[in-house]
Amino acid sequence: MASPASRPVRRRARAAPRARSAEDWWWDRLAPSGSGYHLLPSDSMLLVLSEPGPARSRAQRRAARRTPRQPPPGRAAAKPKATLRPDPAPSPEEGPDAGWGDRIPLEILVQIFGLLVAADGPMPFLGRAARVCRRWQEAASQPALWHTVTLSSPLAGRPAKGGVKAEKKLLASLEWLMPNRFSQLQRLTLIHWKSQVHPVLKLVGESCPRLTFLKLSGCHGVTADALVMLAKACCQLHSLDLQHSMVESTAVVSFLEEAGSRMRKLWLTYSSQTTAILGTLLGSCCPQLQVLEVSSGINRNSIPLQLPVEALQKGCPQLQVLRLLNLMWLPKPLGRGVAPGPGFPSLEELCLASSTCNFVSNEVLGRLLHGSPNLRLLDLRGCARITPAGLQDLPCRELEQLHLGLYGTSDRLTLAKEGSPLLTQKWCHTLRELDLSGQGFSEKDLEQALAAFLSTPGGSHPALCSLNLRGTRVTPSTVSSVISSCPGLLYLNLESCRCLPRGLKRAYRGLEEVQWCLEQLLTSPLPS
């Protein structure tokens, strides 16, 4: 008989361990507490699912260590010789709250994101929202939210070589971002791109077929090939803003020759090459153009711009907005025996504002507006040669904004002292904004002009909501009358008005401030 030491030790065969599922992994990471479950410290990148339970005394913690660990709610009790498997997920009433971000429908979440994008743009909000959770990432990835994008090159405080490197790094990100996010892009703005404009525009042409608006601000190296390629690839592109960018006139002309038939809006910075671009417009290259703006850059150009008014009216008959801002421009003379142009029948806004004296006269204004009965906004700031008599002859009857302010030029000119009633009597029923700052009208003339707002046709209140009388000779009684008769007045500028009491010569913004001004005028003594 063999001794016990010589007997072979019989061991029970163990079953092979079961492959662990992802659900088992989550259960192992959940530690029970007084009011729910928490993730163990090893998973520090995840959020806590519920608040911690109440603090326990030392005796309670010692008793808890002696007590066998209980399974969490919803799990079956351990059975001998059986593999533990968790029960189905707990119902919403028993389990922890997953948060509103997981319960809200994706369509509603996209609409909420759309409101934020409409107010502040897609970046950086959508990039940050995509990091919150998978549901938010799915909502932020919807191409419908990426319809307006501004891409600014990170060049601030960088040397030239550092700026080029930063642009290349951003370009590498755009190579993935554009085909995956920008398929429905409609409006794109590039700011301060110096060396990688052509690759970016190439990506736009390949990935953004719905592009309608392109703005290049402070960009260099914009070639004709890039613009023509973009015009061919983006068949819906109808608006181009090239202000403050270095673009050759040949590139703009080539673009207009390719896409001119569908162009609606065009913004340019005046330079020696602007004449060639305007020549293309005069040749009926853009018959559907509605907005044309030409403005001077930071360095003012002293060379006057020769603008043939009648040729522009024939080349752009659908023009609705014409802005020639801060320019020294001189219309070409009409000549003897030459019939006047067709005018701008659809023109609603004309802005000829300038910081210095220009050559705009009553005759030039008549050539521009003789066929524009639908004009709503007329900005003639700095046009000291325009008189009220010339404005009275205009065919427009529904003017809403009239700006005749003179800034920095009135000291060197002999200004008209009469005629302001001709303006208010013609448009008092429609004017919402009136700017007479710096004009030399007398006290009596201004009193008669503003008295037109005391009575309007039909007994309705005037529409006036903004009045600028800075530097004029308006009197306290006149100001009191116009405030009382215009309950919707929200802006009133009385700076440097020599006939008003001290302490009231300032700008008033909002209904409360304007009413406070009225109270002070009614109670303050007249200036000596």
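The values are calculated or read from the model by the stated rules, or taken from the named source; none is laboratory data. These figures come from a predicted structure and were not determined experimentally. Glycine gets a Cβ as well: all are built from the backbone with ideal geometry, and neighbour counts include every protein chain shown. Each accessible area value is taken on the protein alone, full model and side chains, heavy atoms only, with ligands, DNA and RNA left out. Shrake-Rupley method; radii C 1.70, N 1.55, O 1.52, S 1.80 Å.
Of note:
- Going through (1) of a type outside the set (S, T, N, Q); (2) under 30 Å from Ser524 (Cα atoms); (3) crowded, with 18+ Cβ neighbours inside 10 Å one by one, Leu490 falls short only on (3).
- Residue that is nearest to Val364 (Cα to Cα) [pool: residues in segment 306-325 that are among the polar types (S, T, N, Q) and open to solvent by 50 Å² or more (accessible area, probe 1.4 Å)]: Gln306
- Per-region count, segment 270-294, residues within 26 Å of the chain's Cα centre (by Cα) and at pLDDT below 90: 1
- Criterion: modelled with pLDDT under 95 and either of a type in the set (A, V, I, L, M) or under 34 Å from the mean Cα position of the chain (by Cα) (or both) - qualifying residue of Leu399, Leu454: Leu454
- If the condition is being surrounded by fewer than 21 Cβ atoms within 10 Å (Cβ to Cβ) and at negative phi, then segment 446-469 contributes Glu447, Gln448, Ala451, Leu454, Ser455, Thr456, Pro457, Ser460, His461, Ala463, Cys465, Ser466.
- Residue selected from segment 246-278 under the condition open to solvent by 20 Å² or more (accessible area, probe 1.4 Å) and in contact with a Cys (Cβ under 9 Å, 6 or more places away or on another chain), by the criterion farthest from Ile191 (Cα to Cα): Ser261
- Asp225, sole failed condition from (1) buried (at least 16 other Cβ atoms within 10 Å of the Cβ); (2) modelled with pLDDT of 90 or more: (1)
- Taking each residue of segment 464-475 that is closer than 15 Å to Cys499 by Cα and looking for partners that are outside any loop (DSSP other than H, G, I, E, B) and open to solvent by 30 Å² or more (accessible area, probe 1.4 Å) with beta-carbon atoms closer than 6 Å, six or more apart or interchain, yields Arg473/Glu443; Thr475/Glu443.
Residue-wise test of (1) over 23 Å from Leu511 (Cβ atoms); (2) assigned to a helix (DSSP H, G or I); (3) touching a Pro at 6+ places or on another chain (Cβ under 8 Å).
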| residue | (1), (2), (3) |
| --- | --- |
| Lys426 | yes, yes, no |
| His429 | no, no, yes |
| Leu434 | no, no, no |
| Gln439 | yes, no, no |
| Lys444 | yes, yes, no |
| Glu447 | yes, yes, no |
| Leu450 | no, yes, no |
| Pro462 | no, no, no |
| Thr472 | no, no, no |
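- When restricted to residues that are outside any loop (DSSP other than H, G, I, E, B) and polar (S, T, N, Q), segment 100-145 contains 2.
- Scanning segment 312-341 for residues that are part of a strand (DSSP E or B) and either at pLDDT below 85 or among the β-branched types (Val, Ile, Thr) (or both) yields Val321, Trp329, Leu330, Pro331.
- Here is the figure for segment 200-211: residues that are crowded, with 18+ Cβ neighbours inside 10 Å and outside any helix (DSSP H, G or I) total 2.
- Check on Gly503, exposed (fewer than 14 other Cβ atoms within 10 Å of the Cβ), touching a Leu at 6+ places or on another chain (Cβ under 9 Å) and in a loop (DSSP other than H, G, I, E, B): no
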